[in-house]
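Quick notes on the structure that follows.
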Amino acid sequence: MTTQWESLANEHILGIAPYEPGKPTEELERELGIHDAIKLASNENPLSPSDRVQQAIIAALPHLNRYPDGSGYYLRQALAEKHEVTPDHVILGNGSNELIELVVRSFLKSGDEAVVPHPSFVVYPMIVQAAGGIRVMVMLKDHRLDLEAMARAITPMTKIVFIANPNNPTATIVTKDEVAHFMSRVPERTIVVFDEAYLEFAQGPGFPRHARAGQAGAQGRRAADLLQGQQPGRPAHRLRRRRRRLHRADEPHPPAVQRERARAGGGAGRARATSRTRWSACG
Ligand SMILES: Cc1ncc(COP(=O)(O)O)c(C=O)c1O
């Protein structure tokens with residue numbers, strides 16, 4: 001008898017459309033007879049790792065037969081010093097992606113709501129869906145996160161709010177004052193995740209610095225800043241492949257697109273997925 005794997009699978013996971021990887025750049029170049037193609041879909045640094053990073057990787061090679069230090073003892077110490085916190089405040093992940101997943105898996109229960117800006121990092125709604133949560137989507141305004149609309153979208157069921165600062169893909173920020181006003185409206189049981197994966201591109205005076213100042217916590221709200229780190233000894237290319245896989249996967253669409261897809265018979269999985277999505281302050 002053949003096992004019906006789909007009937008055994010978690011239905012929230014079934015609702016996620018599989019990622020279809022594009023061709024490798026080399027293959028595309030060969031086909032089109034071009035060279036030096038740039039893959040705009042991937043947020044990659046065009047510069048190679050610095051000499052110091054390459055030296056550190058080479059120095060670690062003879063020790064790859066050992067497990068890496070899972071607690072990242074020295075890295076956490078160095079990051080804590082840099083951000084003026086204690087090592088207990090620092091959690092390391094395989095990129096910030098894993099930390100976002102950890103937050104969702106640790107706090108979001110099936111049926112809880114997460115407020116998600118749109119368009120923003122595509123992984124937020126996917127992970128919420130995978131955890132059986134309800135995605136409450138809030139459209140951007142003038143390419144910026146609409147914190148007013150996001151505050152209005154919070155209900156007693158809201159467990160997590162995502163703030164990508166700067167936002168991907170629009171490269172806009174929300175300022176210190178806007179964040180302070182927003183935080184004053186967030187209920188005690190709601191966790192606000194500040195995803196600062198692109199922090200280095202936003203060093204202006206108006207940019208909020210939660211990790212350093214801990215202001216959000218001082219106001220009695222819960223805020224989690226995502227700091228980025230890599231586990232020592234993990235091959236970098238594996239990290240990047242994993243990120244691309246999630247980055248390009250399906251994202252939710254505004255209601256008009258959902259209706260269109262439903263009419264076109266988008267499949268049972270898709271219908272289940274969108275039923276756990278709500279659009280807030282949308283048109
Ligand atoms: C806003 C945002 N957060 C997190 C990530 C994940 O980054 P990482 O490569 O550190 O997992 C990305 C990647 O594109 C992103 O755009």
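Scanning the stretch 53-66 for residues that are of a type in the set (Gly, Ala, Ser) and open to solvent by 50 Å² or more (accessible area, probe 1.4 Å), we see that the one that is farthest from the ligand (Cβ to nearest atom) is 59. Looking only at residues of the stretch 67-86 that are in contact with a Leu (Cβ under 8 Å, 6 or more places away or on another chain) and more than 16 Å from the ligand (Cβ to nearest atom), we find that the one that is farthest from residue 200 (Cα to Cα) is 76.
So which residues in the stretch 72-84 are in a loop (DSSP other than H, G, I, E, B) and modelled with pLDDT of 90 or more? The one that is in a loop (DSSP other than H, G, I, E, B) and modelled with pLDDT of 90 or more: 72. I need a count of the residues in the stretch 1-45 that are surrounded by fewer than 10 Cβ atoms within 10 Å (Cβ to Cβ) and outside any loop (DSSP other than H, G, I, E, B). Of the residues in the stretch 1-45, 5 are surrounded by fewer than 10 Cβ atoms within 10 Å (Cβ to Cβ) and outside any loop (DSSP other than H, G, I, E, B). Among residues of the stretch 23-48 that are closer than 16 Å to residue 169 by Cβ, those with a beta-carbon under 6 Å from a residue that is modelled with pLDDT under 90 at least six positions away or on a different chain give the pairs 39/25; 42/244. If the condition is being in contact with a Ser or Thr (Cβ under 6 Å, 6 or more places away or on another chain) and at pLDDT 90 or above, then the stretch 177-205 contributes only 190.
The values are calculated or read from the model by the stated rules, or taken from the named source; none is laboratory data. Because the structure is a prediction, the values reported are computed rather than measured. All Cβ positions, even for glycine, are placed from backbone atoms using ideal geometry, and neighbour counts span all protein chains on display. Just the protein is used for accessible areas: all its heavy atoms, side chains included, with ligands, DNA and RNA removed. Shrake-Rupley method; radii C 1.70, N 1.55, O 1.52, S 1.80 Å.
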